Amino acid sequence: MPSSFIYVLLVTLLAITLFLAWRNYTLKKQIRSLTERIRNTDKEKLPQDLPRLEDLSNAVAALQKRLHTEIDDAKSEQSKLSGILEQIPDGIMIADTQNRIQFVNPAAARLLEKSTEKIIGYTVSETLRHHEMIQLWQKAKKSGKIQNEIIEISRYQRFFQIIAIPDQYSPKEILLIIQDLTNLRRLERVRRDFISNLSHELRTPLASLRALTETLQDGALDDPPAAQAFLSRIETEVDALTQMAQELLDLSRIESGQIKLNLQESTPQKILQRAMDRMKMQAERADVTLALSCKSELPSVQADIARIEQVLVNLIHNGIKFTSTGGTVTLSAEAGSRLIRFAISDSGIGIPANDLPRIFERFYKADPSRRSGGTGLGLSISKHLIEAHEGKIWAESREGKGSTFYFELGSV
Ligand code: ADP
């Protein structure tokens with residue numbers, strides 16, 4: 001019996017050993033397969049059958065899928081965010097705890113007039129090179145609180161609003177936002193100048209009207225020739241005021257898109273001739289010669305002739321106004337490819353190069369003493385009118401030599 005007991009025991013032990021060996025083998029195989037699957041996560045070479053560990057394997061597969069989706073989502077969020085940071089006009093920079101710039105967007109590089117390579121890795125002081133900006137960043141770093149200031153950078157002739165925001169979790173890391181307020185500031189200045197120009201322009205004729213009427217009341221009425229002279233001066237002042245009111249009205253109508261063009265066909269020569277006839281008297285009074293140089297056979301233009309005449313009258317008026325006695329204002333036109341280019345050229349004082357890009361702005365006057373009179377609206381109105389015809393207007397000038405104003409209209 002003991003021998004049969006030992007025999008059964010041996011057989012049982014053998015069976016158990018074989019079972020364990022087999023189990024060990026299959027387990028190893030499954031683990032290898034699982035390891036392989038995990039290793040190949042991004043290659044997506046996933047073995048299909050994982051006996052027994054199937055559940056675990058399925059769970060890993062699901063996890064893998066979810067991770068893939070999350071990584072894809074994160075990647076797309078990141079690319080959206082970096083797209084936004086690339087596009088926004090505000091400059092963004094991040095300085096790390098070592099004061100070195102870790103991140104900069106193209107707007108910040110543009111505003112600081114540096115390339116991205118010359119910013120990343122450099123210190124904040126090396127990058128900003130402006131004591132007020134550096135101070136603001138230091139204050140934010142020290143206090144851990146948001147700092148915000150408008151700073152004038154005379155080096156770039158700009159106004160920047162700088163916002164320094166300490167990181168919530170690592171307050172020594174600072175996010176810097178740079179907003180360019182130059183245009184806004186410039187607009188504010190133009191508006192302020194306009195109000196002061198306009199009140200000056202109104203006060204001068206109103207003061208002379210008062211003086212003229214007082215003189216009439218004080219006895220000049222009894223002297224008919226003197227009264228006549230005063231009345232004609234009153235008329236001139238009233239005309240100037242009427243023109244100013246008309247220009248303001250025109251501009252507000254044009255800007256609010258209320259203007260309708262009444263298109264007609266006419267030749268450049270006819271258009272120039274009519275404008276010249278209207279301005280003849282004024283030119284004679286100023287002792288300035290008006291000349292016309294235009295071939296009669298030029299193609300016609302289709303335009304609102306009254307509006308184009310308004311532009312020409314304004315340009316000729318300026319030409320006369322800014323040319324001293326004995327000078328000349330020449331009107332001309334020539335044909336380009338499917339367009340006519342008009343030019344009004346004078347031998348006057350010219351326009352300083354700094355002012356030239358701005359003279360078409362509303363209320364802008366190059367002559368700071370404003371001796372020339374006028375509201376500074378004429379060129380702005382002209383620009384709107386030419387652009388309403390889908391044309392283009394610009395000026396070329398040399399200080400002391402004279403100016404030429406060009407505009408182009410499509411030809412028929
Ligand atoms: P205004 O003549 O009423 O001042 P404009 O809009 O017509 O306004 O012109 C704006 C400014 O452009 C003028 O004040 C002047 O400084 C400059 N300018 C315009 N035309 C001429 C010109 N022909 N020669 C010199 N400066 C000019």
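Summary table below
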item	result
Residues of region 310-328 that turn out to be more than 8 Å from the ligand (Cβ to nearest atom) and either touching a His at 6+ places or on another chain (Cβ under 6 Å) or assigned to a loop (DSSP other than H, G, I, E, B) (or both), as a count	4
Residue count for region 388-404, restricted to those that are over 20 Å from S266 (Cβ atoms) and either of a type in the set (K, R) or part of a strand (DSSP E or B) (or both)	9
Among the residues listed as L379, L331, L385, the single one being away from the ligand (no atom under 12 Å from the Cβ), in a helix (DSSP H, G or I) and either closer than 19 Å to M276 by Cα or open to solvent by less than 50 Å² (accessible area, probe 1.4 Å) (or both)	L385
Subset of region 186-210 (residues that are over 18 Å from G378 (Cα atoms), loosely packed, with under 12 Cβ neighbours inside 10 Å and among the hydrophobic types (A, V, I, L, M, F, W, C))	A207
Residue match in region 87-97 (condition: in a helix (DSSP H, G or I) and among the aliphatic types (A, V, I, L, M))	no
Hits in region 143-170 (condition: polar (S, T, N, Q), open to solvent by less than 40 Å² (accessible area, probe 1.4 Å) and not in a strand (DSSP E or B))	S170
Condition check for R370: within 16 Å of the ligand (Cβ to nearest atom), touching a helix residue (DSSP H, G or I) at 6+ places or on another chain (Cβ under 6 Å), modelled with pLDDT under 95 and not in a strand (DSSP E or B)	no
Test: residue in region 235-247 that is over 43 Å from the mean Cα position of the chain (by Cα), part of a helix (DSSP H, G or I) and either touching a residue at least 24 places away in the same chain (Cβ under 8 Å) or more than 16 Å from the ligand (Cβ to nearest atom) (or both)	yes
Members of region 127-147 found to be among the polar types (S, T, N, Q) and either closer than 15 Å to I92 by Cβ or touching a helix residue (DSSP H, G or I) at 6+ places or on another chain (Cβ under 8 Å) (or both), listed by number	T127, Q147
Every residue from region 235-285 that is open to solvent by less than 50 Å² (accessible area, probe 1.4 Å), out of contact with any Leu (no Cβ under 9 Å at 6 or more places or on another chain) and closer than 24 Å to L339 by Cβ	S266
Members of region 87-124 that are within 18 Å of the chain's Cα centre (by Cα), acidic (D, E) and more than 24 Å from Q168 (Cβ to Cβ)	E113
Flag for D346 being within 10 Å of the ligand (Cβ to nearest atom), among the acidic types (D, E) and out of contact with any Ser or Thr (no Cβ under 7 Å at 6 or more places or on another chain)	no
Members of region 103-127 that are in contact with a strand residue (DSSP E or B) (Cβ under 8 Å, 6 or more places away or on another chain) and without any contact (Cβ under 8 Å) to a residue 24 or more places away in the chain	F103, V104, N105, A109, R110, T116, I120, G121, Y122
Search result, residues across region 212-234 that are assigned to a helix (DSSP H, G or I) and open to solvent by less than 50 Å² (accessible area, probe 1.4 Å)	L212, L216, A220, A226, A227, F230, I234
Search result, residues across region 95-108 that are small (G, A, S) and under 18 Å from I134 (Cβ atoms)	A95, A108
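The values are calculated or read from the model by the stated rules, or taken from the named source; none is laboratory data. Just so it is clear, the model here is predicted, and its values are computed rather than measured. Here the Cβ is made from the backbone with ideal geometry for all residues, glycine too, and neighbour counts use every protein chain on show. We work out accessible area using only protein heavy atoms, side chains counted, and drop any ligands, DNA or RNA first. Shrake-Rupley method; radii C 1.70, N 1.55, O 1.52, S 1.80 Å.
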